[in-house]
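This report concerns only the one structure given below.
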Amino acid sequence: MRTSRLLPIILAATALLALPGCSRVKDDWKAAQGADTSEAYQDFLQQHPDSEFAVQAQSRLKQLAEDRDWQQAAATDTFFVETIARGRRGTGMVGFAESSPIHPTLTRADIESIVSFIRTWGAQP
Ligand code: HEM
C-alpha cells in the first residue's frame, strides 16, 4: 500500500530529474548541427554516445568525411583518369579501359587526353 502511493511520486521525481539532461542533449545536438563540422559531431558523440541523435551524428560524420575525400581526390588528374579507366562501382558508369561491346576501349593516353580536354573547360569564362 505504502509502496503503491510512493511509486507515482518516485516516477515523477525521476522524470523531473531526467528533463534537464534531455534538453541538454537537444541543445548540444542543435549546436553540433549548427556548426556542421566533423569536430562538432565527434564532440557530440563523445558526450552523448547513446543519445537518440547518435545515428544521425555518425551518418553526418561519414558524409563529411566522404565529401572531404571527394574534394581532395577531385583536385587531381589521376583520380579522374582512374575513374574513367575503372568506372564507378555501384553506378551505371563502366570502366572505359575495359573492353566492352557497348563502348570503345580507351588507352591510358586516350583517357589522359580526355581529362586534359575537360580541364580546359574550367579555364573558359
Ligand atoms: C569522358 C569521361 C566520362 C564519361 C564518358 C562518363 C560516363 C558516364 C556514364 C555513361 C555514366 C552512367 C550514367 C547513367 O547511369 O545513366 C556515368 C555515371 C557516373 N560517373 Fe561518369 N563519365 C566520365 C567521367 C567521370 C568522372 C571524371 C567522374 C568522377 C571523377 C565520374 C563519375 C561518375 C559518377 C559518380 C557516376 C554515377 C552517377 C549516378 O549514378 O548518380 N564520371 N558516367
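The values are calculated or read from the model by the stated rules, or taken from the named source; none is laboratory data. These numbers come from a predicted model, not from an experiment. Note that each Cβ is placed from the backbone with ideal geometry, even for glycine, and that neighbours are counted across all protein chains shown.
One residue is enough: does region 83-91 have a residue meeting the conditions of a type in the set (V, I, T), surrounded by 10 or more Cβ atoms within 10 Å (Cβ to Cβ) and within 30 Å of D36 (Cα to Cα)? Checked region 83-91: at least one residue is of a type in the set (V, I, T), surrounded by 10 or more Cβ atoms within 10 Å (Cβ to Cβ) and within 30 Å of D36 (Cα to Cα).
Here the condition is being more than 29 Å from G122 (Cα to Cα) and at pLDDT below 95; of A40, A31, A18, A35, it holds for A18 alone. Under the condition of being of a type in the set (A, V, I, L, M, F, W, C) and loosely packed, with under 12 Cβ neighbours inside 10 Å, the residues counted in region 92-125 number 5. Among the residues making up region 63-75, those that are near the ligand (Cβ under 10 Å from one of its atoms) and either small (G, A, S) or part of a loop (DSSP other than H, G, I, E, B) (or both) are A73, A74. A97 meets the conditions (1) more than 30 Å from G122 (Cα to Cα); (2) part of a loop (DSSP other than H, G, I, E, B); (3) at pLDDT 95 or above in every case but one. The failed one is (1).
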